[in-house]
Amino acid sequence: MTDPVLVPGLAGIPAAKSSISFIDGTAGILAYRGHRIEVLAEHSNYEETCFLILEGRLPTASELETFRGELAARRGIEPAVVQTLSSLPKNGHPMNGLQVGLAALAMTQPKVDVKDPASVREAVLHLIAATPTLIATLERLRCGDDYLAPTEGSNSAEAFLYMLNGEAPSAIAERTLDCCFVLHAEHTMNASTFAARVVGSTESGPYTVASSAVGALYGPLHGGANERVLQALEAIGGAEQVEEWYAAKRDTGGKVMGFGHRVYKTKDPRAHTLQRLAGELFEAHGSTPLYDTALELEKAVVADLGDRGIHPNVDFFSGIVYQKLGIPTDAFTPIFALARMVGWLAHYEEQHQDNRLFRPAQIYTGVHDAPWVPIEERG
Ligand code: ACO
């Protein structure tokens, strides 16, 4: 038998067969169920995209209306969940709060029968619908406001912004956030989706799967980069400072957040759309100096590292858009999580169509037959 070969980060190793989404990293193509992301961003909306991802096809008008109603009916959270969230330290990160909220949400529901697709689907809809409420509630409670029930909003973006700010959002804010949700809804076998599939393969329920995926997304090499991009743009202090800042960054060998991707070797197609959204927002509400800094930074990084396939990823422009929508910086990664919930759970359902427990091998690098030394004789 030949020794197994370690591939760090499992780069390029297929972990599952999936019909949910497709990426061509060289051509910069992303498609959900065969539909290109640019087309979905322009013509679809988050609820329709969720239906597409879960069902594998676009809904009819009446199916979409029913689906919207199913989500709206599941948006509220139980008083016990609100109470749990209100007991959390106010200065903690909302991604940790979200994991608590998802666990609490599970505890208010009947146990999911993971062998029963209808029982699983009920939990899937509940998670997609109620996660925006958890995130908005965490934010409200932290600011000293009370829980605001999701009574307003015909879609997730509108409901989320209403709960977050206590007032109906403008049409452009709602449409922009809705489009951001579409862009983030699914993305093949990334770290958090893999985490969801691994946890799902143990026959754990959807709430636990969602919480595990949130944990994986939180890391700065994954979804946590969006928050750090904005912090870096602020720290740079203006477009004219980019050159000096980037030279210093290069000297320390640090990575520039919002650049690079395991699969894309060109600019992330979602970054193009986010840039368009930013432009539309700026036209309506005025630009931000951070955008000019971002454009300069993109030029500097691509001039230096572009030939190594390092270009802006989805996290590079999303923070600029969210900031313009008045969303606090540490809510950026939770928003990514709420939009990605559908992708994680579609993979969970797909995993269960032909489940086999994930149990990879390792290459042991330790010693064998270590001698036992009684504790009193150890130096
Ligand atoms: N800035 C500077 N150099 C980079 C960057 C970056 N953002 N990304 C990769 N590199 C360099 C590395 O330093 C490394 O150089 P070396 O070969 O000289 O050591 C080389 O490119 C390969 O880097 P890896 O991290 O091994 O490449 P991988 O394919 O694993 O990277 C990753 C993907 C983790 C996303 C990486 O590009 C990165 O850390 N980017 C910054 C964090 C970020 O923006 N994450 C969000 C990704 S999108 C998402 O998850 C939603």
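The values are calculated or read from the model by the stated rules, or taken from the named source; none is laboratory data. All values reported here derive from a predicted model rather than from experimental measurement. Counting neighbours? That spans all protein chains shown, and the Cβs are built from the backbone with ideal geometry, glycine included.
Quick notes
- Looking across Glu186, Glu167, Glu203, Glu227, one residue alone is free of Cβ contacts under 8 Å to residues at least 40 places away in the same chain and of a type outside the set (A, V, I, L, M, F, W, C). It is Glu167.
- Residues in the range 27-36 that are of a type in the set (D, E, K, R) and closer than 23 Å to Gln351 by Cα: Arg33 only.
- Test for Thr49: is it more than 16 Å from the ligand (Cβ to nearest atom), outside the structural domain of His261 (by TED's automatic domain parsing) and either outside any helix (DSSP H, G or I) or more than 21 Å from the chain's Cα centre (by Cα) (or both): no
- All conditions in (1) among the small types (Gly, Ala, Ser); (2) within 16 Å of the ligand (Cβ to nearest atom); (3) outside the structural domain of Arg262 (by TED's automatic domain parsing) hold for Ala232, with the sole exception of (3).
- Residues (closer than 13 Å to His261 by Cα and either more than 12 Å from the ligand (Cβ to nearest atom) or in a strand (DSSP E or B) (or both)) located in the range 7-27: Ile23, Asp24, Thr26
Yes or no, residue by residue, for (1) near the ligand (Cβ under 8 Å from one of its atoms); (2) buried (at least 22 other Cβ atoms within 10 Å of the Cβ); (3) more than 24 Å from Tyr32 (Cβ to Cβ); (4) modelled with pLDDT of 95 or more:
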| residue | (1), (2), (3), (4) |
| --- | --- |
| Gly253 | yes, no, yes, no |
| Tyr264 | no, yes, no, yes |
| Arg276 | no, no, no, no |
| Glu296 | no, no, yes, yes |
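- Checking Gly306, Gly258 one by one, the residue that is under 19 Å from Gly25 (Cα atoms) and within 8 Å of the ligand (Cβ to nearest atom) is Gly258 and no other.
- Test: residue in the range 333-353 that is polar (S, T, N, Q) and under 30 Å from Leu233 (Cβ atoms): yes
- Just one of the numbered conditions (1) more than 9 Å from the ligand (Cβ to nearest atom); (2) surrounded by fewer than 19 Cβ atoms within 10 Å (Cβ to Cβ); (3) of a type in the set (Gly, Ala, Ser) is not true of Ala191: (1).
- Residue check, Gly260 touching a helix residue (DSSP H, G or I) at 6+ places or on another chain (Cβ under 7 Å), on the phi > 0 side of the Ramachandran plot and small (Gly, Ala, Ser): no
- Matching entry among Ala168, Ala157 (being within 18 Å of Pro132 (Cα to Cα), part of a loop (DSSP other than H, G, I, E, B) and out of contact with any Pro (no Cβ under 6 Å at 6 or more places or on another chain)): Ala168
- The residues of the range 37-78 that are closer than 22 Å to Glu350 by Cα and without any contact (Cβ under 8 Å) to a residue 24 or more places away in the chain, listed by number, are Glu48, Phe51, Leu52, Glu55, Leu58, Pro59, Glu63, Leu64, Phe67.
- Single condition Asp292 does not satisfy, out of (1) touching a helix residue (DSSP H, G or I) at 6+ places or on another chain (Cβ under 7 Å); (2) outside any helix (DSSP H, G or I): (2)
- Top-ranked residue of the range 347-379 - restricted to ones that are surrounded by 10 or more Cβ atoms within 10 Å (Cβ to Cβ) and either within 25 Å of Pro4 (Cβ to Cβ) or modelled with pLDDT under 95 (or both), ranked as farthest from the chain's Cα centre (by Cα): Asn355
- Screening Gly215 with (1) within 16 Å of the ligand (Cβ to nearest atom); (2) without any contact (Cβ under 8 Å) to a residue 12 or more places away in the chain gives one miss only, at (2).
- Filtered residue count, the range 323-353, keeping only those that are within 20 Å of Leu141 (Cβ to Cβ), within 15 Å of the ligand (Cβ to nearest atom) and not hydrophobic (A, V, I, L, M, F, W, C): 2
- Taking the numbered list (1) among the aliphatic types (A, V, I, L, M); (2) in contact (Cβ under 8 Å) with a residue 24 or more places away in the chain; (3) outside any loop (DSSP other than H, G, I, E, B) in turn, Ala31 passes all entries but (2).
- Every residue from the range 256-284 that is part of a loop (DSSP other than H, G, I, E, B) and either in contact with a Phe, Trp or Tyr (Cβ under 6 Å, 6 or more places away or on another chain) or free of Cβ contacts under 8 Å to residues at least 12 places away in the same chain (or both): Gly258
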